[in-house]
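The values are calculated or read from the model by the stated rules, or taken from the named source; none is laboratory data. Being a predicted model, the structure only gives us computed values, none of them experimental. So basically every Cβ, Gly included, is an ideal-geometry build from the backbone, and we count neighbours across all protein chains shown. Side chains included, ligands, DNA and RNA excluded: accessible areas come from the protein's heavy atoms. Shrake-Rupley method; radii C 1.70, N 1.55, O 1.52, S 1.80 Å.
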Amino acid sequence: MGVEIVLNAVIGRVQTIDELLSDGYDAVFVGTGAGLPVFMNIPGENLVGVYSANEYLTRVNLMRAYRFPEYDTPVLRAEG
């Protein structure tokens, strides 16, 4: 089908998307995944119930927090 899959390539450091397109690729799909969390150093980001995206996804998807108290890992919900 003419598809080439390249894993673990850091786009922007190894090659840019523009460079890939000028090298003859018709399209480029960039699947970034969740990556490492980046904190913004703002007041309140370390309070109880404030989660990085990674922690939230881990709690909900892997630790089944959506089924608390059946599972031990809670996710705090906003009241309202």
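Key figures
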| item | result |
| --- | --- |
| Any hit, region 10-24, residues being of a type in the set (Ser, Thr, Tyr), surrounded by 10 or more Cβ atoms within 10 Å (Cβ to Cβ) and part of a loop (DSSP other than H, G, I, E, B) | yes |
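Each row is one residue, and each column tells you yes or no for (1) farther than 26 Å from residue 8 by Cβ; (2) open to solvent by 60 Å² or more (accessible area, probe 1.4 Å).
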site: 37; (1), (2): no, no
site: 55; (1), (2): no, yes
site: 58; (1), (2): no, no
site: 61; (1), (2): no, yes
site: 64; (1), (2): yes, yes
site: 75; (1), (2): yes, no
site: 78; (1), (2): yes, yes
